[in-house]
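**Q** Structure below; questions to follow.
The values are calculated or read from the model by the stated rules, or taken from the named source; none is laboratory data. The structure displayed is predicted, hence computed values, not measured ones. As a convention, Cβ positions derive from the backbone with ideal geometry for all residues, glycine included, and neighbour counts pool all protein chains shown.
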Amino acid sequence: MTSTIGDRHRFLDEYRHIRHAEGRGSENPDYYRALPYADLNGTNPAAWAMRARTYRYFEQKILEPFEGRAGRPLDILDLGAGNGWMSYRLSLRGHRSRALDIFNDARDGLLAAKNYPQPFPLIEAEFDHLPFPPSSIDLAIYNSSFHYSVDYSSTLNEAKRCLRPNGRVVILDSPVYRCHEHGLRMVEERHASFLSRYGFASDAIPSIEFLDEPKLEDLATELNIEWTVHRPWYGWRWHWRPWQARIQGRRPPSRFWILIGRFKDL
């Protein structure tokens, strides 16, 4: 994300307010060490159950084959790392994961990583200005965070700069819509909900907040990137959401695909 200092401070203050109101974080280190497989607070169990399914699929279907091909510990960027749970999980597998975020909160941001017994580097930085040399990273993983970008082309180009040959971009848990208009309606609804609940729309930084299929095609053409789409199974209730929305006359819901990006000229 690129923003003025004032916008960034406002965004972080509002984001902290929302995350704390949602019951994120804990005084108990076990809360962090159980993520994403259990929400020991019991405040966001459905969200964490979904994150757990995403991560389990990623581990088994994407990470394990990549590990097998590399035959060595991987250098990984955990982008939008939050409290660092993914970097912790990756470090337990023997990889060199760097947790990067602009949110350094002690309950739900980078400073919460003190709760993990396995240390890993914490970097406070923006997506479009990664403090890493060229060709130094195997996987750049956007951990439920790619939609916070303000310019997808700039963000992906910066990741490409850091990737080694045969490196990959991985996008986890970012909403994907069939068409752009559906995503715009989601953003309007979300901002209206925040305004009603918290007194602000949480839009100090004009992040895009969603992906859509035409945009993915445009990025593929512009950046010479090949997308591989994975569709984890989130259960029947999730599967029937589009039909329920159609019956109720609401906009189509988002899909949460796993997107693997390979730069064909890298």
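**Q** Name the residues in the range 131-147 that are under 16 Å from the mean Cα position of the chain (by Cα) and either surrounded by fewer than 19 Cβ atoms within 10 Å (Cβ to Cβ) or outside any strand (DSSP E or B) (or both), would you?
**A** Step one: of the range 131-147, the residues under 16 Å from the mean Cα position of the chain (by Cα) are 139-147.
S144, S145, F146, H147 - these are the residues of the range 131-147 that are under 16 Å from the mean Cα position of the chain (by Cα) and either surrounded by fewer than 19 Cβ atoms within 10 Å (Cβ to Cβ) or outside any strand (DSSP E or B) (or both).
**Q** Considering only the range 89-113, state which residues are touching a strand residue (DSSP E or B) at 6+ places or on another chain (Cβ under 8 Å), more than 28 Å from T4 (Cα to Cα) and assigned to a helix (DSSP H, G or I).
**A** L90, S91
**Q** I123: farther than 30 Å from W238 by Cα, assigned to a strand (DSSP E or B) and touching a Leu at 6+ places or on another chain (Cβ under 6 Å), yes or no? So that I can check it myself, show each step before the final result.
**A** On the way: farther than 30 Å from W238 by Cα: yes; assigned to a strand (DSSP E or B): yes; touching a Leu at 6+ places or on another chain (Cβ under 6 Å): yes.
Here the answer is yes, as I123 does meet what is asked.
**Q** To continue, here is another question. Look at R72 and say whether it is farther than 21 Å from A113 by Cα, of a type outside the set (A, V, I, L, M), assigned to a loop (DSSP other than H, G, I, E, B) and at pLDDT 95 or above. Break it down stepwise before answering.
**A** Numbers: farther than 21 Å from A113 by Cα: yes; of a type outside the set (A, V, I, L, M): yes; assigned to a loop (DSSP other than H, G, I, E, B): yes; at pLDDT 95 or above: yes.
It is true that R72 is farther than 21 Å from A113 by Cα, of a type outside the set (A, V, I, L, M), assigned to a loop (DSSP other than H, G, I, E, B) and at pLDDT 95 or above.
**Q** Could I ask something else about it? Considering only residues that are over 8 Å from A99 (Cα atoms) and either buried (at least 24 other Cβ atoms within 10 Å of the Cβ) or touching a residue at least 12 places away in the same chain (Cβ under 8 Å) (or both), which ones fall in the range 70-81? Break it down stepwise before answering.
**A** Taking the range 70-81 and keeping what is over 8 Å from A99 (Cα atoms), we get 70-76.
Within the range 70-81, A70, P73, L74, D75, I76 qualify.
**Q** Another one. Within the bounds of the range 20-35, is there any residue that is among the polar types (S, T, N, Q), buried (at least 17 other Cβ atoms within 10 Å of the Cβ), touching a helix residue (DSSP H, G or I) at 6+ places or on another chain (Cβ under 6 Å) and not in a helix (DSSP H, G or I)?
**A** Let us first name the residues in the range 20-35 that are among the polar types (S, T, N, Q), namely 26, 28.
Those still in the list that are buried (at least 17 other Cβ atoms within 10 Å of the Cβ) too: 26.
From what is left, the residues that are touching a helix residue (DSSP H, G or I) at 6+ places or on another chain (Cβ under 6 Å) are none.
Taking every residue of the range 20-35 in turn, none turns out to be among the polar types (S, T, N, Q), buried (at least 17 other Cβ atoms within 10 Å of the Cβ), touching a helix residue (DSSP H, G or I) at 6+ places or on another chain (Cβ under 6 Å) and not in a helix (DSSP H, G or I).
**Q** Would you mind listing the helices (runs of 4 or more DSSP H) fully within the range 148-266 where at least 1 residues are of a type outside the set (K, R), within 29 Å of A125 (Cα to Cα) and without any contact (Cβ under 8 Å) to a residue 24 or more places away in the chain? Explain how you work it out, then say what you get.
**A** Details: elements: 152-162, 180-198, 213-223, 236-239, 241-248.
It comes to 180-198, 213-223.
Residues are listed down the side, and each one gets a yes or a no for (1) hydroxyl-bearing (S, T, Y); (2) surrounded by fewer than 19 Cβ atoms within 10 Å (Cβ to Cβ):
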| site | (1), (2) |
| --- | --- |
| R161 | no, yes |
| G167 | no, no |
| I171 | no, no |
| V176 | no, no |
| E188 | no, yes |
| Y198 | yes, yes |
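**Q** Here's a check for you: in the range 226-262, which residue that is among the basic types (K, R) and under 17 Å from Y142 (Cβ atoms) is surrounded by the most Cβ atoms within 10 Å (Cβ to Cβ)?
**A** Among them, the one singled out is R255.
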